[in-house]
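Here's the structure we're looking at; comments come further down.
The values are calculated or read from the model by the stated rules, or taken from the named source; none is laboratory data. Note that the structure is predicted; figures quoted are calculated from it, not measured. Backbone-built Cβ (ideal geometry, glycine too); neighbour counts: all protein chains shown. To get the accessible areas, we keep the full protein, side chains included, count just its heavy atoms, and leave off ligands, DNA and RNA. Shrake-Rupley method; radii C 1.70, N 1.55, O 1.52, S 1.80 Å.
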Amino acid sequence: MLARVFSAAVLGIDAYLVDVEADISNGLPSFSTVGLPQGAVKEGRERVGAALGNAGFDFPLKRTTINLAPADIPKQGSAFDLPIALGILAASAQVPSEVLERHAFVGEVGLEGGLRPVRGALSMALAAREAGLTGMVLPIANAAEAAVVEGFEVRGARTLLEVCGFLAGERPLVPHRVDLEALMRERAADQVDFAEVKAQHAAKRALEIAAAGGHNVLMIGPPGAGKTMLARRLPTILPSMSLEEALETTKIHSVAGTLRPGHALSAVRPFRSPHHTISDAGLIGGGSHPRPGEVSLAHGGVLFLDELPEFRKNVLEVMRQPMEDGVVTLSRAAMSLTYPARFMLAAAMNPCPCGYFGDANRTCRCGPLLVERYRSRVSGPLLDRIDIHLSVPAVAYRDLADRKPGEPSAVIRERVESARRRQRERFEEQAGVHANAHMAPRDMRRHCRITDGIDALLKTAITKLGLSARAYHRVLKIARTIADLAGAEELDTEHVSEAIQYRSLDRGVARV
């Protein structure tokens, strides 16, 4: 007898519908799975066999064949355990098959029959809804995440017996509901605030500009100056996420397995801070079974690289393509996967190996050659892709002792969101451009009109300070953001002058 159960599988951060066909026929007892099963999918036959016996069902002692269609795409993970178990039960007439035609089923089955969470539940629910199914049954731990999909019934179950009772009409599974508005207000749970940062007014101004235009930023300063403290508060001044952004971020973290258990939606901008020993695969993604890397996990938020020169050079260089394109493409023999990677890079480094080059209070032990060698660990092409080079000096004691709180993140975020609204209106008809940092040269010619005064200023900057062609465009992008924060329609020389100050490494500034 043949039975058909709908399931889903993840490919990249999206999912596709999978037909799980179970055929039980006369012959020597056997169990085979076809359709390019890999790893945990092959092991599923042992889990399913034990679970059915421990749940009180009969495992048919016949020839059992499971087909996972489409058969030309490799299948991975343990999410097929539940549909395979239900297919066997339906094919052996132990449960009715009517409900199977309208729902998708995913979940790992334990040996005792309990259902365990899987990765990519949100992507699977979206795929099932797009395929025209009315609902999905999955482990209770994934129910909140999948229930974010509107117009779709998501039912969570704890055991295989509960699912079978639902199929037989003996035990209802109530559709799970979530409050999307409450989830989107999650930003109120921010644990850090810019009000806690003492002094560093110039650094705060630069980070406000970076947040307003989506610019990458590099902070250079001695140990203890507050570079990490500033970077950790950068997400708190970024604009609130839209529902579309939150869904995409949640899909990435769900597929990567970093979504908190029982968590429905990631409505807070991510902040990722990998250690400098990370590999290139860990940073951009990869592995034998490709998974998102740190640049994708930071999508829509901030990727913070502390002690930038300590990262291996090959690791830093692989970031150049995602920084330009906003996506990461992982090519393998069997397939090619693309993960989104539109993030803000916030990096920090010391001015020299000892950290005190140019410090007024401490003596640097590094010679000019050592300083130059240390800074050259970060390549010129990578530095050109970082819009803002920011000097962060040590904080004086009188500023540390000052009990007056600084400007809170909420106030700064209002100005940032106002500037971002202007940019959304400006780029409304331009696909792929969401902020000033994403502008192409043709966009800058249209939105960054250069007057005679600005032209003379830029000519001096390129001639005297040695700015590169890419740095020239970075200055214009930063100036456009400064103008947006000021509510100005056109660029002025004061906007460009301030923007030039944020290219300190191009200007050969050796001290902080």
(request) Among the residues of the stretch 206-228, count how many are modelled with pLDDT of 95 or more and either farther than 21 Å from residue 382 by Cα or aromatic (Phe, Trp, Tyr) (or both). (result) 2
(request) Would you tally the residues in the stretch 242-271 being crowded, with 23+ Cβ neighbours inside 10 Å and among the hydroxyl-bearing types (Ser, Thr, Tyr)? (result) 4
(request) Being out of contact with any strand residue (DSSP E or B) (no Cβ under 6 Å at 6 or more places or on another chain), in contact (Cβ under 8 Å) with a residue 40 or more places away in the chain and in a helix (DSSP H, G or I) is the filter; apply it to the stretch 462-474 and report the residue that is least open to solvent (accessible area, probe 1.4 Å). (result) 474
(request) Only residues that are small (Gly, Ala, Ser), crowded, with 24+ Cβ neighbours inside 10 Å and farther than 19 Å from residue 178 by Cβ: list them for the stretch 91-106, please. (result) 91
(message) Residues to consider are 483, 499, 419, 488; find the one that is modelled with pLDDT of 90 or more, open to solvent by less than 70 Å² (accessible area, probe 1.4 Å) and not in a helix (DSSP H, G or I).
(response) 488
(request) Only one of these is out of contact with any strand residue (DSSP E or B) (no Cβ under 8 Å at 6 or more places or on another chain) and more than 30 Å from residue 411 (Cα to Cα): 259, 283. Name it. (result) 283
(request) Give the residue that is modelled with the lowest pLDDT, with candidates limited to residues of the stretch 48-82 that are charged (D, E, K, R) and open to solvent by 40 Å² or more (accessible area, probe 1.4 Å). (result) 72
(request) Taking residue 405 as meeting all but one of (1) touching an Asp or Glu at 6+ places or on another chain (Cβ under 7 Å); (2) more than 30 Å from residue 433 (Cβ to Cβ), write down the number of the exception. (result) (1)
(message) Suppose we keep only residues that are farther than 18 Å from residue 499 by Cα and assigned to a loop (DSSP other than H, G, I, E, B) within the stretch 422-439. Which one would you say is most open to solvent (accessible area, probe 1.4 Å)?
(response) 429
(request) Please tell me if residue 479 is over 29 Å from the mean Cα position of the chain (by Cα) and among the aliphatic types (A, V, I, L, M). (result) no
(request) State the number of residues belonging to the stretch 266-289 that are among the aromatic types (Phe, Trp, Tyr) and assigned to a loop (DSSP other than H, G, I, E, B). (result) 0
(request) Give the number of residues within the stretch 387-401 that are surrounded by 12 or more Cβ atoms within 10 Å (Cβ to Cβ), among the small types (Gly, Ala, Ser) and part of a loop (DSSP other than H, G, I, E, B). (result) 2
(message) What pairs come out if I take residues in the stretch 281-303 that are farther than 27 Å from residue 75 by Cβ and pair them with residues that are open to solvent by less than 30 Å² (accessible area, probe 1.4 Å) and of a type in the set (Gly, Ala, Ser) whose C-beta lies under 8 Å away, six or more apart or interchain?
(response) 283/293; 298/341; 302/231; 302/346; 303/346
(message) Within the stretch 238-249, does at least one residue satisfy the condition of being in contact (Cβ under 8 Å) with a residue 12 or more places away in the chain and touching a Pro at 6+ places or on another chain (Cβ under 7 Å)?
(response) yes
